[in-house]
1. Do we find a residue being under 17 Å from G50 (Cα atoms) and at pLDDT 90 or above anywhere in the range 137-145?
2. Determine which member of the set V232, V274 is part of a helix (DSSP H, G or I), in contact with a helix residue (DSSP H, G or I) (Cβ under 9 Å, 6 or more places away or on another chain), over 24 Å from L147 (Cα atoms) and at pLDDT below 90.
3. Taking R115, is it basic (K, R) and in a helix (DSSP H, G or I)?
4. Please find, among L20, L61, L31, L53, the residue that is exposed (fewer than 15 other Cβ atoms within 10 Å of the Cβ) and either in contact with a strand residue (DSSP E or B) (Cβ under 6 Å, 6 or more places away or on another chain) or of a type outside the set (D, E, K, R) (or both).
5. Being surrounded by 12 or more Cβ atoms within 10 Å (Cβ to Cβ), among the acidic types (D, E) and more than 20 Å from L49 (Cβ to Cβ) is the requirement here; does E130 meet it?
6. Would you mention how many residues in the range 99-118 are of a type in the set (G, A, S) and within 20 Å of G62 (Cα to Cα)?
7. Sort through L286, L251, L279 and tell me the only one that's on the phi < 0 side of the Ramachandran plot and either exposed (fewer than 13 other Cβ atoms within 10 Å of the Cβ) or within 18 Å of the chain's Cα centre (by Cα) (or both).
8. Answer yes or no: is there a residue in the range 140-161 that is among the hydrophobic types (A, V, I, L, M, F, W, C), part of a strand (DSSP E or B) and surrounded by fewer than 16 Cβ atoms within 10 Å (Cβ to Cβ).
Amino acid sequence: MATDPVFLAQLAANGFSVGLGYALAAVGLALIFGILGQVNFAHGELYMLGAFLLFWAMKQLGLPYGIAAVLMAALMAGFGALLAHVVIVPNLDRGFESVVLGTLAVGIILQNAVRLGFGATPLDVASPLESQAFEIGGVLLFGQRMLVCATFLAAFSGLYAFLRYSEIGRAMRAMAQNREACVMVGIDVRRVTRWTGALAAALTGLAGVVISPLFDLYPNMGTEVVIKSFAVVIIGGMGNIWGAAIAGVALGLAESYAGGLGNAAIRDGIAFIVMIAMLLARPQGLFGRTVRV
């Protein structure tokens, strides 16, 4: 069974979709660090918030999945801009620990607010693609997992184009290289910070929107996501969005093959084994460099 080419291809397909989900969730974290040099410890709670807001929009407002997903991504962008304005902007010239403590506090508040509003009982989001499956050469491609892949490719392409060709995107890239020089030439670093927070939260919330139908929703669901996201950005190179994408796919494939060919119990440990090995062998990550975006 383990050497069956169709079985190996199925593991690759599953791992690829999981890896792109990891990458989509981690890119926002890499973006914050790459441009602002800060770490957002509320990252997992932003993922969780996007998923629960999707559930609320579908159940309470009666919106179809597609419309609710787009609306939630937009709302998360606004929330990310607000978070950056309130927590990150006032601490840009202070110590690194100020943003760490501030975002950690926001994460705790969000998690408990969701627990108060929705309860601790696991919930379920229904997607029209969840029950869809396609077979190609004996390999099953599940509809929601294909949506995760398509969403990542669209979001990453859009992010790359935005960073390369828009005025604010060029300012974000300049700030990633030298914030002090940006101030000297008149770039509004506070505006760039808010845009960075908005994009990072939109991407993270979008990950929650497309991945949540595959799993149950519960208030501390972001904990595993933020741990895997940290592993991905450390492996790929802190602040490097291309590194996060490649490391996410590699991690998804490694976990899929470890679970399918080896012991499923070690699957969740793969991320940390690779992360520790990377820190020992190459602390800057696979694609760590001075210019990170």
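1. No, the range 137-145 has no match at all.
2. Criteria check complete, one pass: V274.
3. When the stated conditions are applied, R115 passes them.
4. Criteria check complete, one pass: L61.
5. It is true that E130 is surrounded by 12 or more Cβ atoms within 10 Å (Cβ to Cβ), among the acidic types (D, E) and more than 20 Å from L49 (Cβ to Cβ).
6. 1
7. None of the others qualify; the one that does is L251.
8. Checked the range 140-161: at least one residue is among the hydrophobic types (A, V, I, L, M, F, W, C), part of a strand (DSSP E or B) and surrounded by fewer than 16 Cβ atoms within 10 Å (Cβ to Cβ).
The values are calculated or read from the model by the stated rules, or taken from the named source; none is laboratory data. For clarity, every value in this text was computed on a predicted model and none was experimentally measured. Cβ: placed from backbone, ideal geometry, glycine included. Neighbour counts: every protein chain shown.
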